[in-house]
Amino acid sequence: MPAHMIDGESLAAELRERVERETAELEASGVIPGLATVLVGDDYASEAYERRVKRLAEELGCRYVSERLPADAEEAEALAVVGKLNADPRVSGILILRPLPRQVNEGHVYRTLDPLKDIEAIHPDNAGLLALGQPRFVPSTPSSMFWMLDRYVESTGRDPKTFYNGLDLVLVGRSNNVGKPALWLGLARNATVISAHHYTAQAGRLEQHTREADILVVAAGVPRLVTGEMVKPGAIVIDVGINPLKDEATGKVRMVGDVDTESVAEVAEAVSPVPGGVGPITDVTLLANTVLAAKLQRGDAAVRGFSL
Ligand code: NAD
């Protein structure tokens, strides 16, 4: 039987209602949540992401501020932009778009962020809190992956509070923004978490691990890296990859995932597609984190993230 296709658009719509409600409540108390993005250079995927979150912020009634620097900007200019946004009371949350050009050190930029505006939990304070299982913010992509997984599990009549206990969760990709924070979220669900990455593939051992996975999450940025024969029958597969692929004949660019959906769907229990999978949920979660940041800055010490 072909795998269930997990519908990210409808899950995003559910979450969106929640964010809309919370934004309206905040606005009634005189607070308008504000999201700022910082883009250095002109990366195609980052520009597309910037356009999407701008539109979404405006639709949800949030403020949106775009800061752009040229690809040859000095690190000091990037740090100055972050400093300006830290000090701007209209900005609740700041998203630094990746990749940053070589001359701008990511770590220096992240450490400059105001931890209360660091909605992607990339400042060492927030990354540390997440690792300790006491998150202030949960970064939008890992949060969305698990929101999707939990909701899918629930929809099949299983309890997400116990479902992961002892299961093999294999994460392909170990970036600071996606793969590493996802490790903590998997451990928090009592899964047996395995991190596979570039060197795993180079050692010829990627398939050995993916074939063991009860739950397989792929965030490597390699188009169609994982195919059906690399997946255990009955696994749940989440495709995080978003890779622009240009059709040479038409010149049109379309997005493909890190998973070969067609062949994986022949063996898996469920698979998330690209587009229409994790991506739309991530966009909304980013705004959810912006709302959370606005509440934290207002002094609501007891508020918690959306999906831990
Ligand atoms: P990244 O380039 O920072 O990290 C890629 C990771 O994959 C690294 O840890 C690397 O070791 C690993 N890797 C590379 N080649 C590999 C291979 N052949 N086998 C196994 N592992 C390999 O990328 P990122 O920011 O983590 O993003 C990963 C993918 O997810 C990209 O396609 C990106 O566009 C996408 N993404 C999607 C969302 C979303 O909301 N859906 C959000 C962020 C990123």
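The values are calculated or read from the model by the stated rules, or taken from the named source; none is laboratory data. Just so we're clear, the structure is a prediction, and the values are computed from it rather than from any experiment. Here the Cβ positions follow ideal geometry from the backbone for every residue, glycine too, while neighbour counts run over all protein chains shown. Just so you know, the surface numbers come from the protein's heavy atoms only, side chains and all, with ligands and any DNA or RNA stripped out. Shrake-Rupley method; radii C 1.70, N 1.55, O 1.52, S 1.80 Å.
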- prompt: Counting Lys +1, Arg +1, Asp -1, Glu -1, what net charge surrounds residue 256 among other residues with beta carbon under 12 Å of its beta carbon?
  reply: -2
field: Largest to smallest accessible area among 192, 227 [probe 1.4 Å]
entry: 192, 227
field: Accessible surface, the stretch 75-207, averaged per residue in Å² (probe 1.4 Å)
entry: 44 Å²
task: Using the Karplus curve 6.51 cos²θ - 1.76 cosθ + 1.60 with θ = phi - 60°, work out ³J(HN,Hα) for each residue of the stretch 132-149 in order, rounded to whole Hz, and write x for Gly and Pro.
output: 7, x, 10, x, 7, 10, 10, x, 4, 6, x, 4, 5, 4, 7, 4, 4, 4
query: Suppose every K and R has +1 on its Cβ and every D and E has -1 on its Cβ; what is the size of the dipole of the chain about the Cα centre, in Debye to the nearest 20?
result: 520 debye
message: Taking a virtual spin label 7 Å from the Cα of residue 255 along the C-beta vector, which residues in the stretch 7-36 bring their backbone nitrogen under 15 Å of it?
response: 7-13
- prompt: Is the shape of the stretch 142-223 best called rounded, prolate or oblate, per the rule: a/c under 1.5 gives rounded, else a/b larger than b/c gives prolate, else oblate, with a ≥ b ≥ c the square roots of the Cα gyration tensor eigenvalues?
  reply: prolate
- line: Yeah, the chain with a ≥ b ≥ c from its alpha-carbon gyration tensor (a/c under 1.5 is rounded, else prolate when a/b outruns b/c, oblate otherwise) is prolate
task: On the protein heavy atoms, probe 1.4 angstrom, tell me the percent of accessible surface of the stretch 4-127 carried by carbon and sulfur.
output: 50 percent
- prompt: What does the accessible area of residue 295 come to, in Å² to the nearest 10, when a probe of 1.4 Å is used?
  reply: 30 Å²
Surface accessible to a 1.4 Å probe, residue 5 within the full protein complex, Å²: 80 Å²
- request: Subtract the Cα-Cα distance of residue 105 and residue 199 from 0.36 nm times their separation in residues, and report this length gain in nm to one decimal.
  value: 31.5 nm
- prompt: Sorted by accessible area (1.4 Å probe), largest first, how do 198, 108, 123 line up?
  reply: 198, 108, 123
- line: Scoring only Lys, Arg, Asp and Glu (+1, +1, -1, -1) among other residues with Cβ under 14 Å from the Cβ of residue 211 yields -3
query: Using 1/(1 + (r/R0)^6) with R0 = 41 angstrom and r between the beta carbons of residue 80 and residue 162, what's the FRET efficiency to the nearest 0.05?
result: 0.25
field: Area accessible to solvent at residue 246, 1.4 Å probe radius, in Å²
entry: 120 Å²
message: Over 31 Å between Cα atoms: which of 54/252; 117/180; 180/246 fall into that group?
response: none
field: In degrees, nearest ten, helix 44-59 long axis to first principal axis of the chain (Cα)
entry: 60 degrees
message: I'd like the antiparallel share, as a percent to the nearest 5, of DSSP beta bridges with both residues in the chain.
response: 10 percent
